[in-house]
1. For the stretch 7-47, give me the residue count where each residue is touching a strand residue (DSSP E or B) at 6+ places or on another chain (Cβ under 8 Å), of a type outside the set (S, T, N, Q) and buried (at least 18 other Cβ atoms within 10 Å of the Cβ).
2. Would you tally the residues in the stretch 169-187 being surrounded by 14 or more Cβ atoms within 10 Å (Cβ to Cβ), over 21 Å from A19 (Cα atoms) and either out of contact with any Asp or Glu (no Cβ under 6 Å at 6 or more places or on another chain) or of a type in the set (A, V, I, L, M) (or both)?
3. If you go through the stretch 206-218 one residue at a time, do you hit one that is in a helix (DSSP H, G or I) and either modelled with pLDDT of 95 or more or under 20 Å from the mean Cα position of the chain (by Cα) (or both)?
4. Could you list, in sequence order, the residues of the stretch 64-90 that are of a type in the set (G, A, S), in a loop (DSSP other than H, G, I, E, B) and more than 20 Å from W208 (Cα to Cα)?
5. Taking K132, is it of a type in the set (K, R) and at pLDDT below 95?
6. Can you tell me which of S85, S73 is over 28 Å from Q174 (Cα atoms), at pLDDT below 95 and not acidic (D, E)?
7. Please identify the pairs in which a residue from the stretch 216-227 that is under 17 Å from A82 (Cβ atoms) has its Cβ atom under 6 Å from the Cβ atom of a residue that is modelled with pLDDT of 90 or more and of a type in the set (V, I, T), counting only partners at least 6 apart or on another chain.
Amino acid sequence: MNRFGVVLLSGGLDSATVATLARREGCRLFAVTVRYGQRHCREVEAARAIAERLGIPQRMIDGDFFREVAWYSALTQPERFAVPSKRNVGEMGEEIPTTYVPLRNTFLITLAAALLESEILGAMETLEVGPKEITAKVFVGANSIDYSGYPDCRPEYYEFMNHTLRLGSKLGAQYGVPMVIETPIIRLSKAEIVRLAIEIGAPLELTWSCYEGGERPCGLCDSCQLRARAFEEVGIADPGMAVAWRSHAESKPAA
């Protein structure tokens, strides 16, 4: 098999959907989850469960140092910045909120692409095929429709990142093998993503979208509100919320 892929798996609804899609590609696929110093570990735990459910080998990367350089964010410095709460969905795209982590997607994509390139270069030593028969894909669950105004979720950003990876990698510069960033849900609404996830059997009950790290989603942050509205538009209950409520109930001490 000369098709290679890596999926950035954060543990949320979008990345779980893209991971399920990527698994259908039939390539040598592995998932990358990065601990970048985020305010809680719930999404990392969710990513581990999703990878296991989908049967995708997972690489957990320790990038906790990133919080020291990308400190201007409520997700890396919770003691300094508050997570926006109870915002109207219509205002979410008007300005970049404090939950934006400086250059996070650039950092994560670089890590995933570097690992993917290393895997391919190592495999090329034993593969009896030419470089032109190799494909390399980085799957990212970015979405530019229902989002919180993040600049690194837009299609034009990924167009330039594709160009950067081609020019800045040995695969691209020497062998002419481009590492292509695949963003299959980037132009879908959150409701459309939910419908797609259900259709392909993504493990939605394992996902975690909330910016907070409590026993259950807060229901008030931007991510919770966008997710809740999507399931409401689709007309089904959020299986992730049901599991979270059950987990919360089970964690209570007996009366």
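1. Here the count works out to 17.
2. 4
3. yes
4. Within the stretch 64-90, A70 is the sole residue that qualifies.
5. Judged against the criteria, K132 is a match.
6. Of the residues listed, the single one that is over 28 Å from Q174 (Cα atoms), at pLDDT below 95 and not acidic (D, E) is S85.
7. From the stretch 216-227, the pairs are C221/V83.
The values are calculated or read from the model by the stated rules, or taken from the named source; none is laboratory data. From a predicted model like this one, the values you see are computed outputs, not experimental measurements. Note that each Cβ is placed from the backbone with ideal geometry, even for glycine, and that neighbours are counted across all protein chains shown.
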